[in-house]
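Each remark here refers to the structure printed beneath this line.
The values are calculated or read from the model by the stated rules, or taken from the named source; none is laboratory data. Quick caveat: nothing in here was measured; it's all calculated off a predicted structure. Glycine also receives a Cβ, built like all others from the backbone with ideal geometry; neighbour counts cover every protein chain displayed.
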Amino acid sequence: MKIKTLVLFLFLILFNDCNTTKSKTPANDSEHIHLEEFNAEFEKKIYEVAPGVYSAVGYGIANSILLVGKDGLVIIDTLDELKASKQVLEDFRKISSLPIKAIIYTHSHPDHIFGSGSFVTDVSPEVYAHESLLPTVQKLASETTPIIGTRSARMFGNYLEKSDLVNVGIGPYQGYNADTKLDFVPPTKTFRDSLNIEVSGIRLRLIHAPGETDDQIYIYHPEKNILFVGDNIYKAFPNLYTIRGTWFRSLKHWYESLDIIRNLKPEHLVPSHGKPISGKSYIYDIVTDYRDAVQFVHDQSLRGINAGYHPDDLVQLVQLPEHLKKSPYLKEIYGKVSWSVRSAFAGNLGWFSGDAAELHPLDRKVYADLIVDLAGGSENLLKYTKSKLQIKEYQTVLTLSGYLLRHDPKLTDVIPLRIEALEKLGVSESNANAKHYYLTEALELRNQFVAKIKVRPSPELLRRYPVKVILSSFVANLDPKLSFDTDEKVGFIFLDTKETYTIHLRKGVAEVIPSLIADADLIVELNSQDWKEMLTRLKSPATTLLKFRFKKGNLLSFTQFLKKFSPKEQILTLKVPTNQ
């Protein structure tokens, strides 16, 4: 008994000492910034940047930009969904009734491209983008849409009450819901490095400027000395990493692209989030601080990485200089330095921290059991967690409650503690993404659901997606337990697109072959649009399957084949996942 008491005493001292320091430097300790201070940046308004140049702010999370030419219009970015883009188009029509001759995408993020259908009517405009934009959109749509949708719903606060939403850091809101409709018009003209175009008398230079995305571009209007910069700069510390999940964003490429702005010395800078900025010297100073902040994080992260720092220690090492912290364009209301540092580590070295204990780390459940055992049992750890809640060490409560619930999900007394910690952290948090994530996870835990982005792709959007992309997405949902003993070839003849494919289901792997194999076990003839709309639940599987015709095999066999493909159920953050 004395040994257990001593172990518990040592645990309390050790854990208290390790976490007191960290609890003083969490995300919510950011110089008393209030998100409300930035609401004016997102006031719903169309700004006249210069004669014939307008930026619509506040219609959604991103902006849409209008250029008026001699006999036509140019649209830069199209918002994130059709309802919002129709509204902005109506207001643009109060400025000009000329036909839309061109659409330009600054990059591939949904809030810039999925409202494009509203701008394409009787006259089909040219659509300009970087050459990598379309493959990027297709890759994202076919691989990680479910989990990025869930994490986006948390990050943007889609499930929160309006009273809990101030803004989303770079815009007023992100309004996806079950009624949201999307459409995306693919580019008709692309380029690699730069492209000079003239539309309705407007001369523009399109410049590849990788930053927030690799397909990011600038649009330079030399006659008026205006630069449209997409998402490479906005009035917040940049999202060098986003907590919804992303591919690595090169910090070096980002600050080098910011130098393009400094070299051009524009009189007006028009970002795709927030208000336009005017004044050549003012813009130069803002951009210099912005690029210096990105380079500082890049260089100092590398310095610490090469010194052997663990990611957790690297975060403590890399802190912005005071003069950069004071910049109104570098407040951590959207991106965060600490997240950026972790991303710099992972992007340069990958997942392994260098600590040998992490080569084969303990299972999260095993580690939680170890912590509980070290504390002298779950009752002792629960009591200690409650004591930390009383003294407002909410990050400690969040950490310990995770151990307790992973140790035993039936410890329901822990859930209210975790919910309170999440809510307190969320209320005091000044970073919009972190705030909404905390508050949404509290809501999920309270009501036992998983947040998801619920949107409906339009039939037109699906029609524009290649069959190969849809099939690649489909086979990634194979349940291996249902297919380890299977060796089956299913041929697809898509009558409308005149394409043929075979899915070879082979012991837990489904290979997509871009041709019809002669010895296929089953061959189905179908319309690609029916297939796409069935998979996305725009059409009922029961009625759609009856349209399919079988050259070999039958509907029953095909149905049994389809049953082997089903997405794995998304889990709550604290639910312990089961094996395959």
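Out of LEU546, LEU522, LEU505, one residue alone is under 36 Å from the mean Cα position of the chain (by Cα) and either aliphatic (A, V, I, L, M) or within 27 Å of ALA178 (Cβ to Cβ) (or both). It is LEU505.
The one condition from (1) of a type in the set (S, T, N, Q); (2) more than 25 Å from VAL168 (Cα to Cα); (3) surrounded by fewer than 19 Cβ atoms within 10 Å (Cβ to Cβ) that SER301 does not meet is (3). Check region 530-547 and report whether any residue there is more than 23 Å from LYS568 (Cα to Cα) and part of a strand (DSSP E or B). No, there is no match, as no residue in region 530-547 is more than 23 Å from LYS568 (Cα to Cα) and part of a strand (DSSP E or B). I'd like the full set of residues that are farther than 23 Å from PRO311 by Cα and either small (Gly, Ala, Ser) or crowded, with 17+ Cβ neighbours inside 10 Å (or both), limited to region 354-373. Selection gives ASP369, VAL372. If you go through region 91-142 and keep only what is modelled with pLDDT under 95, charged (D, E, K, R) and within 27 Å of the chain's Cα centre (by Cα), you end up with just LYS139. For region 214-245, the tally of residues that are under 23 Å from PHE42 (Cβ atoms) and free of Cβ contacts under 8 Å to residues at least 40 places away in the same chain stands at 1. In this structure, is ASN232 in a loop (DSSP other than H, G, I, E, B), on the phi < 0 side of the Ramachandran plot and crowded, with 18+ Cβ neighbours inside 10 Å? In short, yes. Within region 284-312, the only residue that satisfies the criterion of being part of a loop (DSSP other than H, G, I, E, B) and either touching a residue at least 60 places away in the same chain (Cβ under 8 Å) or of a type in the set (A, V, I, L, M, F, W, C) (or both) is ALA307. With respect to the conditions (1) within 26 Å of the chain's Cα centre (by Cα); (2) over 29 Å from PRO172 (Cβ atoms), LEU258 falls short on a single one, namely (2).
When TYR437 is tested against (1) under 25 Å from the mean Cα position of the chain (by Cα); (2) part of a helix (DSSP H, G or I); (3) surrounded by fewer than 21 Cβ atoms within 10 Å (Cβ to Cβ), only condition (3) is not met. Determine whether TRP247 is closer than 30 Å to TYR438 by Cα, surrounded by 23 or more Cβ atoms within 10 Å (Cβ to Cβ) and under 19 Å from the mean Cα position of the chain (by Cα). Answer is no for this residue.
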